[in-house]
Amino acid sequence: MSNVTGALVAKSLLLVAIRVEENKDYLCELDGEVGDGDHGVSMTIGMRAVTRAVNKLNDSVTPEEAFVAAADAYAVEVGATIGPLYEAAFLAAAVSAAGKANLNAIGDWAEVYEAMAIAIQVLGKAELGDKTLLDAFFPAVDHIKELATGSGDLISALESTAKCALDSAISTRNLVPQKGRAARLGDRAIGYQDAGATSLAIVLAGFAEAIKAG
């Protein structure tokens, strides 16, 4: 199993950035169906900033420091709504990881993901069912917290958690949006997949992929 040091967390953020940018046009397409159509661009701007920040870190970086770098990058570079949300999320991840030399246990990642989701909820004032990224994140958090009570391995847990997030993102097609520009569409937004929930699933899949690669 990979030793998930701060250096590997940093490496994971780099891969997340690559996967987000690879899906930029897809995310914009999803967002364009009910929103401004710029979600993929905003996420890519943020993750490019994360890449620049992480590339300045050395191999002795802690998990906390890696997440702080990501939070600071979003704070500086992304002015869209999603920027403050990911800034808060990565900062919460840093607080969760504080004092830890590695994040090798499923429970470590359950705590990180839960802290991120709660930070987003507090700042964005959204609830489960509002057709936001939380409709992918909270089911994923519940999933990994359940796995943390067992004896499974971290890689499988991260991969299945990412799949749970993607399945939940797809299920947002059935929801009526309550936040943002899409809320004005009401029932007309049914049938369209939420872009924020989808990008969140991509982020979690990136972490799983990178940590598996080690």
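The values are calculated or read from the model by the stated rules, or taken from the named source; none is laboratory data. Just so it is clear, the model here is predicted, and its values are computed rather than measured. Using ideal geometry, Cβ is built from the backbone for each residue, glycine included, and neighbour counts are taken over all protein chains shown.
Observations on the model:
- Restricting attention to the stretch 114-159 and to residues that are part of a helix (DSSP H, G or I) and β-branched (V, I, T), the residue that is surrounded by the fewest Cβ atoms within 10 Å (Cβ to Cβ) turns out to be V122.
- Pairs are defined by a Cβ separation below 8 Å, a sequence spacing of at least 6 or placement on different chains, a first member in the stretch 200-214 that is at positive phi, and a second member that is assigned to a helix (DSSP H, G or I); the pairs so defined are G214/L8.
- Taking first residues from the stretch 12-37 that are over 22 Å from W109 (Cβ atoms) and at pLDDT below 95 and partners that are among the charged types (D, E, K, R) and assigned to a helix (DSSP H, G or I), the Cβ contacts under 6 Å between residues at least 6 apart in sequence or on separate chains come to G35/R181; G37/D31.
- Taking the criterion of being of a type outside the set (A, V, I, L, M) and modelled with pLDDT of 95 or more, the residues of the stretch 126-148 that qualify are D135, F137, F138, P139, D142, H143, K145, E146.
- Of the residues making up the stretch 1-50, those that are buried (at least 18 other Cβ atoms within 10 Å of the Cβ) and hydroxyl-bearing (S, T, Y) are T5, S12, S42, T44.
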